[in-house]
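The values are calculated or read from the model by the stated rules, or taken from the named source; none is laboratory data. Treat the numbers as computed from the prediction; the structure is a model and nothing was measured. All Cβ positions, even for glycine, are placed from backbone atoms using ideal geometry, and neighbour counts span all protein chains on display.
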Number of protein chains: 2
Amino acid sequence: MQKCTVALYGCGTVGMGVAQALLARGALNERIGDRVHLKYVVDVRLEEIRGVLQPPEGLVLTDDLAQPLDDPEVDAVVELFGGTTAARTVVERALAAGKDVVTANKALLAEHGDELFRLARAHGRAIAFEGSVAGGIPVIAAIRTGLVGDRIESIYGIVNGTCNYVLTRMLEQEMPYARALAEAQERGYAEADPRLDIEGSDSAHKLVVLARLAFGVNVRLDQIPCEGIAGVELSDLRYARALGYTLKLLVIGIRRGERLELRVHPALLRHDHPVAGVGGAHNAVCIHGSHVGEIVLTGLGAGRMPTSSAVISDIARIALGTYRTDFAALSPFGDVPDAHLVPFGEVETRHYFRLDCADRPGVLAKVANILGEENISIASVRQQEAAAPGEDVVPVVFMTHRAKEGAVARALDRINQLDVVRGERTRMLRVEDI
Amino acid sequence: MQKCTVALYGCGTVGMGVAQALLARGALNERIGDRVHLKYVVDVRLEEIRGVLQPPEGLVLTDDLAQPLDDPEVDAVVELFGGTTAARTVVERALAAGKDVVTANKALLAEHGDELFRLARAHGRAIAFEGSVAGGIPVIAAIRTGLVGDRIESIYGIVNGTCNYVLTRMLEQEMPYARALAEAQERGYAEADPRLDIEGSDSAHKLVVLARLAFGVNVRLDQIPCEGIAGVELSDLRYARALGYTLKLLVIGIRRGERLELRVHPALLRHDHPVAGVGGAHNAVCIHGSHVGEIVLTGLGAGRMPTSSAVISDIARIALGTYRTDFAALSPFGDVPDAHLVPFGEVETRHYFRLDCADRPGVLAKVANILGEENISIASVRQQEAAAPGEDVVPVVFMTHRAKEGAVARALDRINQLDVVRGERTRMLRVEDI
């Protein structure tokens, strides 16, 4: 049996899970035998890690990035540093040294995936990244080989557990956004600096990865319109619920003829949509294929154990040699064309507007006029109760029929300038019928 | 690029989907290039198939089982005959002739999988069977490699679309069982002879396949307690709904220490359980792994297109050579121990009883006495309205706390002999808290 000697870079949350699983010789060894040998753990927190791992004979703990790369015994490098600087250097050097790479680093893949894939192919090596999207849910493998004979028509879902946790808690516990976020941080669901999650960038990174696999295209991160959940208010979640909808931060990729629609933003889904009920830190990915129809994969999208499950599956594929074959043969890993995207202004969805309007006659007519002039058709209007007794401003919620982003942006600009609307309080959410 | 020459046995519903996809050279060719060559289609309905396929130059339509097996050019045989006689012969001969096998035949695998896997390994060949469970949902691959580092604690779900369709329609349309089944047959969701589906055998076949992969054991079909949906009444679906539950035909596999609990039966799931909302002909498989936690995979579980998606993914893996590596290396495909099952009498669940009782004082006390003597604790009782006005028999619905199958069977035997209970009308359903 051929052995696969592994160097693990980064022994934080996920890395520690991977190291412990490899050292425990549990389920993986039962399934594929004694093929994987963890030889190096590379991290700067040597003492701390030594205390937890109690490294056995033969495992080298080091803070020297170069040592494992220079060791010809090392077959595969597992990059769990995160970020795009040291991680990039390690991956590039590992490939150049003839080692396969396993990573869960969506930021690295979103920003430099195209070059790194080229580099890997040039060296006859592979980059595996099941852990980069949706934790332990095997969504990358599902697209890569499970649906290899399907033309993917769309892929969408929830790929950021932090945002899903925040939105779920807001609604369930009637908490404002800031409190739900603080709770997520206390419970370890959100980083001390949660911006990557909250602003949608983490989701956009993952969409770049998914779009390459599903549609066979190279997407630049800056091509993807991206809105996070930072502006979301509890009142909008409540109004949406009353209308039969749940708010989720979605990544969306849809084939539109020869072009693609790619976007990241909060969106209202009908309560009975299979993704609407996916709460807490869970992820859900829906894939619509020409043959398979729609499949939905759900589970925990992050955390030590789920993500280490995915990383270990990649290590197994590398150790067996099957992944290198896939990587060399499958077109999404090779030279792919640049994505041709539908401009965001042309994207059509339904919309939810909440306007804080003066409680006076004629207001509705002014708003409706503008919407009509911009060709936006109103599906329903509800004037809500005033937020506090005695307020002379009342929230009015509009649901529209399908309308283009561009027209909606123009209409909202004009509406917000009306003297009867408190423009800075206006909220717009997209309604998805996927 | 190495070519993989394929012979397809059986060009019925799924086979035709596979043949058309391979001839169309669509998504599969885009992803893995021009590797797969369909050389033979073997079926007795030659004229009919010729009419649909319009076979191009180089594709041989034949009813001669032996010809492709004797052709040294053929690398892989796709068995879509179904059944366990001709299918078994073809698979055995193909392996002996040094060809890899792709099949979607759960009956064949459930009855002869262990010998066939041995035979394949002895010849250094592989049997791929993604299409045998849950149509195009890549559940086999998820367990085989996605969760290769996870100890699987449980696997359960809906794997028979026909039964799920019938149960869904009964409840949604207030239809009795027989009408829902007739509709399923009209719409092509159920076979003319629906017994394999309705009686649960098809689900049990699939559970044998899943248990081998998930738990690494060999299970005999006759070891699995199996109840279908034939006795299910609309009234029970309604009572269950009022109590907050939905009835589904489940396959269940749970690790209990060194033993396994494997069973197939209708079961009540709370409305908010992720599987409860999976309706129509959809399947849902939940897998609980030591690292990944619980993942849920849903989608269409049968039909031409979804199942052909799975078969094509297997063909791709065979063509790339990766599946043969997996098959040779992964322990569930090798010599596995026989399953050590928890005897059904020791299985514990909650229960729903519906008793048609005489509308007289003292009845409840008699029933409650027996339950108490058998150590079955009552969680709730609801006396329902009489089925028709003037009836002197009223349905009484009991929900119990957890109790052993053995005790429940004894209690029901005794209850059914009470003169105040119409024993032949008693219905029992298990309530799952998984």
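Numbers for the structure displayed
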{"quantity": "Residues located in the range A:221-242, provided they are in a loop (DSSP other than H, G, I, E, B) and not aliphatic (A, V, I, L, M)", "calculated": "A:Pro225, A:Glu227, A:Gly228, A:Gly231, A:Glu233"}
{"quantity": "Matching residues in the range B:392-425 - criterion: being of a type outside the set (D, E, K, R), in contact with a strand residue (DSSP E or B) (Cβ under 9 Å, 6 or more places away or on another chain), surrounded by fewer than 16 Cβ atoms within 10 Å (Cβ to Cβ) and in a loop (DSSP other than H, G, I, E, B)", "calculated": "B:His401"}
{"quantity": "Residue in the range A:96-104 that is over 25 Å from A:Ser309 (Cβ atoms), in a helix (DSSP H, G or I) and at pLDDT 95 or above present", "calculated": "yes"}
{"quantity": "Test for B:Leu196: is it in a helix (DSSP H, G or I), in the same structural domain as B:Arg238 (by TED's automatic domain parsing), under 15 Å from the mean Cα position of the chain (by Cα) and modelled with pLDDT of 95 or more", "calculated": "no"}
{"quantity": "Extreme residue, surrounded by the fewest Cβ atoms within 10 Å (Cβ to Cβ), among residues of the range B:107-123 that are farther than 15 Å from B:Ser331 by Cα and small (Gly, Ala, Ser)", "calculated": "B:Ala107"}
{"quantity": "Some residue of the range B:154-161 being hydrophobic (A, V, I, L, M, F, W, C), surrounded by fewer than 24 Cβ atoms within 10 Å (Cβ to Cβ), at pLDDT 95 or above and in contact with a Gly (Cβ under 8 Å, 6 or more places away or on another chain)", "calculated": "no"}
{"quantity": "Lone qualifier among B:Val133, B:Val139, B:Val78 - being closer than 23 Å to B:Leu46 by Cβ, surrounded by 23 or more Cβ atoms within 10 Å (Cβ to Cβ) and within 26 Å of the chain's Cα centre (by Cα)", "calculated": "B:Val78"}
{"quantity": "Matching residues in the range A:282-323 - criterion: being of a type in the set (Asp, Glu) and touching a residue at least 60 places away in the same chain (Cβ under 8 Å)", "calculated": "A:Asp314"}
{"quantity": "Those residues of the range B:357-379 which are without any contact (Cβ under 8 Å) to a residue 60 or more places away in the chain, assigned to a strand (DSSP E or B) and either charged (D, E, K, R) or closer than 24 Å to B:Leu234 by Cβ (or both), in sequence order", "calculated": "B:Ala379"}
{"quantity": "Among (1) within 24 Å of the chain's Cα centre (by Cα); (2) at pLDDT 95 or above, the one test that B:Ala302 misses", "calculated": "(2)"}
{"quantity": "Any chance B:Phe81 is touching a residue at least 24 places away in the same chain (Cβ under 8 Å) and either assigned by TED's automatic domain parsing to the domain that holds B:Leu262 or within 20 Å of B:Met305 (Cβ to Cβ) (or both)", "calculated": "yes"}
{"quantity": "Qualifying positions in the range B:21-42 - in contact (Cβ under 8 Å) with a residue 24 or more places away in the chain, among the hydrophobic types (A, V, I, L, M, F, W, C) and not in a strand (DSSP E or B)", "calculated": "B:Ala21, B:Leu22, B:Leu23, B:Leu28, B:Ile32"}
{"quantity": "Any hit, the range A:51-67, residues being aliphatic (A, V, I, L, M), within 24 Å of A:Arg125 (Cα to Cα), in a helix (DSSP H, G or I) and more than 14 Å from chain B (Cβ to nearest Cβ)", "calculated": "yes"}
{"quantity": "Any hit, the range B:315-329, residues being away from every other protein chain (no Cβ under 14 Å) and among the aliphatic types (A, V, I, L, M)", "calculated": "no"}
{"quantity": "Residue check for A:Ala310: aliphatic (A, V, I, L, M) and either more than 30 Å from A:Val232 (Cα to Cα) or within 9 Å of another protein chain (Cβ to nearest Cβ) (or both)", "calculated": "yes"}
{"quantity": "Pair list, Cβ < 7 Å and 6+ apart or interchain, from the range B:405-433 residues that are more than 30 Å from B:Ile254 (Cα to Cα) and outside the structural domain of B:Leu268 (by TED's automatic domain parsing) to residues that are outside any strand (DSSP E or B) and among the charged types (D, E, K, R)", "calculated": "B:Leu418/B:Lys366; B:Val420/B:Arg360; B:Val420/B:Lys366"}
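Rundown of residues vs (1) of a type in the set (Phe, Trp, Tyr); (2) within 14 Å of chain A (Cβ to nearest Cβ); (3) under 30 Å from B:Pro332 (Cα atoms), yes/no style:
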{"residue": "B:Ile143", "(1), (2), (3)": "no, yes, yes"}
{"residue": "B:Asn160", "(1), (2), (3)": "no, no, yes"}
{"residue": "B:Ala182", "(1), (2), (3)": "no, no, no"}
{"residue": "B:Lys206", "(1), (2), (3)": "no, no, yes"}
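For every residue, the table says whether it meets (1) among the polar types (S, T, N, Q); (2) within 13 Å of another protein chain (Cβ to nearest Cβ); (3) in a helix (DSSP H, G or I).
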{"position": "B:Arg118", "(1), (2), (3)": "no, no, yes"}
{"position": "B:Gly135", "(1), (2), (3)": "no, yes, no"}
{"position": "B:Gly149", "(1), (2), (3)": "no, yes, no"}
{"position": "B:Gly157", "(1), (2), (3)": "no, yes, no"}
{"position": "B:Asn164", "(1), (2), (3)": "yes, no, yes"}
